[in-house]
1. Against the condition among the aromatic types (F, W, Y) and out of contact with any Pro (no Cβ under 6 Å at 6 or more places or on another chain), how does F45 come out, does it pass?
2. Yes or no: the stretch 89-110 includes at least one residue that is assigned to a strand (DSSP E or B), at pLDDT below 95 and β-branched (V, I, T).
3. Restricting attention to the stretch 71-87, report how many residues are closer than 17 Å to T124 by Cα and buried (at least 16 other Cβ atoms within 10 Å of the Cβ).
4. Looking for something under 25 Å from E185 (Cα atoms), of a type in the set (V, I, T) and part of a loop (DSSP other than H, G, I, E, B) - is there at least one such residue anywhere in the stretch 21-43?
5. Does the stretch 146-191 hold any residues that are surrounded by 12 or more Cβ atoms within 10 Å (Cβ to Cβ), of a type in the set (K, R) and assigned to a loop (DSSP other than H, G, I, E, B), and which are they?
6. If I go through the stretch 61-75 residue by residue, how many of them are over 18 Å from G105 (Cα atoms) and of a type in the set (S, T, N, Q)?
7. Kindly indicate the residue of the stretch 15-29 that is over 17 Å from K53 (Cα atoms) and in contact (Cβ under 8 Å) with a residue 12 or more places away in the chain and also surrounded by the fewest Cβ atoms within 10 Å (Cβ to Cβ) among those meeting that condition.
8. Anything in the stretch 150-191 that is polar (S, T, N, Q), within 16 Å of the chain's Cα centre (by Cα) and at pLDDT 95 or above? List them, or say none.
Amino acid sequence: MKLILASASPRRVEILKSIIDNFEVIPADIDEEPKINKDINPIDFCVSLALKKARAVFDKFGNIALGADTLVFLGQEILGKPQTKEQAFKTLKRLSGKTHLVITGVALVSELKTITDYDQSYVTFPDLDERDILDYIEKYKPYDKAGSYGIQEIKDIWDIKYAGSYTNILGLPAKKVKQMLNLLEGILCQR
């Protein structure tokens, strides 16, 4: 089974390496800017973005394409990737002392079958002071991260609590992806 990961995320690459030995990385060339309206379910939205990525790569290269999209929600609002230091600061200040939701939609597209799923985790930040937020932004420059943070960076410097899959928060729910790959392999073996 020849798998293509439709993402350039180093975190997704590392997680996928723990599941499968051989895969290729070809980022999907799509508009990833989240545009959500209040009527759409956040889970459906994440899954649809993952499917869009996987389909874009599958349509161009064939084989089997794995797409994923991780979004951070505070209530119904998406907290996307910050463009500036000010945006990152504002987002982290909003997350301070609150629990938020991290959803990753996952899609596996092959010639025979398309499989979609998702995972969700909750992350609780302690009350953060402005100096801690500014120090984090200066050191880690979280401009490529939904919600303006990387769990792998903050878990050791702030008293973060989370419920659910840690790899989901990183950007690829390992257990869910393994189940999807096993299901697809079973289908392919029956051919």
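1. Numbers: among the aromatic types (F, W, Y): yes; out of contact with any Pro (no Cβ under 6 Å at 6 or more places or on another chain): yes.
Taking the combined requirement at face value, the residue satisfies it.
2. Within the stretch 89-110, the first condition is being assigned to a strand (DSSP E or B), and the residues that meet it are 99-109.
Those left that are additionally at pLDDT below 95: none.
The answer is no; no qualifying residue exists.
3. Result for the stretch 71-87: 5.
4. Yes, some residue in the stretch 21-43 is under 25 Å from E185 (Cα atoms), of a type in the set (V, I, T) and part of a loop (DSSP other than H, G, I, E, B).
5. K155
6. Pass one, the stretch 61-75, residues over 18 Å from G105 (Cα atoms): 61-63.
With the extra rule that they be of a type in the set (S, T, N, Q), the set shrinks to 63.
Summing the residues that are over 18 Å from G105 (Cα atoms) and of a type in the set (S, T, N, Q) in the stretch 61-75 gives 1.
7. Taking the stretch 15-29 first, the residues over 17 Å from K53 (Cα atoms) are 15, 17-22.
If we keep only those that are in contact (Cβ under 8 Å) with a residue 12 or more places away in the chain too, we end up with 15, 18-20, 22.
Numbers: I15: 21, S18: 12, I19: 17, I20: 14, N22: 8.
Ranking the qualifying residues of the stretch 15-29, first place goes to N22.
8. Those that are polar (S, T, N, Q), within 16 Å of the chain's Cα centre (by Cα) and at pLDDT 95 or above: S165, T167, N168.
The values are calculated or read from the model by the stated rules, or taken from the named source; none is laboratory data. Computed from a prediction, not measured in an experiment: that's the story for all the values here. When we count neighbours, we look across all protein chains shown, and the Cβ atoms used for this are built from the backbone with ideal geometry, even at glycine.
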